[in-house]
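Colleague: Structure below; questions to follow.
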Amino acid sequence: MRNRSTTRSPHRAALTAALAAAAAAVGLALPYTGGVPAAQAAVRKHVDSDYTLLRRSPASYVIGTAYRGWTVDIQGDPQGGYRWGHIYGDLNSCLWIYDGAASGDEAHANECGDPVTMPTSEFTNGQIGGGTSDGATVTTVAGSGCATYDGSHITGYGNVRPWAVPTAPSAPLNTQVAIGQTVLWRYVSRDGRYVMVRDPRGGSTDGVGLQSWYFVPRGCLPTTLP
């Protein structure tokens, strides 16, 4: 029986070397992004306005607030003036944020995946007031759980995580709404404990000063909503 030679032919050796060189060239052509493909890398920014409203999709329902100094990891291109990203602070969730509300250019891993629109069934209990872009007028009441900070004006919240059961209120606000005054209610949170409202007294001050969209306890509004 003849012994098989373990020596590769010159042709095979040359082919192997060529393939290795090609693989190395491809590897060098790909920029390093910490293990994240370049197309999926995010940009770390920080909110540089007093606050910015967070939405379930571009220019749609407000579902929270990010405040000055909060970290956000922005990914993808702007859509309708908004960007999809990971919002930190007391939310730690992937939501839509106004494109001009944060600044920074530090590369960071993408933790949110592809942009999505949060269904209303995920953050409301089905009760939605008003039209396509604003709430319905309702008079506030001093019901169960409706707290005031000065004996008359309602304590609101910038965030409650309306999609969570139970909700978790944070970022308390001294609102301009006194018991008996009106607000525009937009929707009731998924667990029924809070209502997103707009205070028309705030005017068009988005990003500066006291915000006009925020949450109030369900007990601050009548049992039957218009």
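Here is a yes/no grid of residues against (1) surrounded by fewer than 14 Cβ atoms within 10 Å (Cβ to Cβ); (2) in contact with a strand residue (DSSP E or B) (Cβ under 7 Å, 6 or more places away or on another chain):
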residue	(1), (2)
G130	no, yes
G145	yes, yes
G151	yes, no
V160	no, yes
T167	no, yes
W185	no, yes
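Colleague: Among the residues of the stretch 91-104, is there at least one that is more than 19 Å from I74 (Cβ to Cβ) and either in the same structural domain as S60 (by TED's automatic domain parsing) or among the polar types (S, T, N, Q) (or both)?
Modeller: In the first step, residues of the stretch 91-104 are kept if they are more than 19 Å from I74 (Cβ to Cβ); the result is none.
No, because not a single residue in the stretch 91-104 is more than 19 Å from I74 (Cβ to Cβ) and either in the same structural domain as S60 (by TED's automatic domain parsing) or among the polar types (S, T, N, Q) (or both).
Colleague: Ok, one more. So, in the stretch 200-218, how many residues would count as being at pLDDT below 95 and surrounded by 21 or more Cβ atoms within 10 Å (Cβ to Cβ)?
Modeller: Going residue by residue through the stretch 200-218, those that are at pLDDT below 95 are 200-212.
Next, only the ones that are surrounded by 21 or more Cβ atoms within 10 Å (Cβ to Cβ) stay: 211-212.
Count: 2.
Colleague: Could you tell me whether G156 is assigned to a strand (DSSP E or B), surrounded by 14 or more Cβ atoms within 10 Å (Cβ to Cβ) and of a type in the set (G, A, S)?
Modeller: On the way: assigned to a strand (DSSP E or B): yes; surrounded by 14 or more Cβ atoms within 10 Å (Cβ to Cβ): yes; of a type in the set (G, A, S): yes.
Taking the combined requirement at face value, the residue satisfies it.
Colleague: Within the set of pairs 6+ apart or on separate chains, which have a first residue in the stretch 132-160 that is assigned by TED's automatic domain parsing to the domain that holds G192, a second that is assigned to a loop (DSSP other than H, G, I, E, B) and among the acidic types (D, E), and C-beta atoms under 8 Å apart?
Modeller: Close Cβ pairs satisfying both conditions: N159/D90.
Colleague: Then there is this: Can we say R83 is in contact (Cβ under 8 Å) with a residue 12 or more places away in the chain and part of a loop (DSSP other than H, G, I, E, B)?
Modeller: It is false that R83 is in contact (Cβ under 8 Å) with a residue 12 or more places away in the chain and part of a loop (DSSP other than H, G, I, E, B).
The values are calculated or read from the model by the stated rules, or taken from the named source; none is laboratory data. Model, not experiment: these values are computed from the prediction. Don't worry about glycine lacking a Cβ; one is built from the backbone with ideal geometry, like all the others, and counts go over all protein chains shown.
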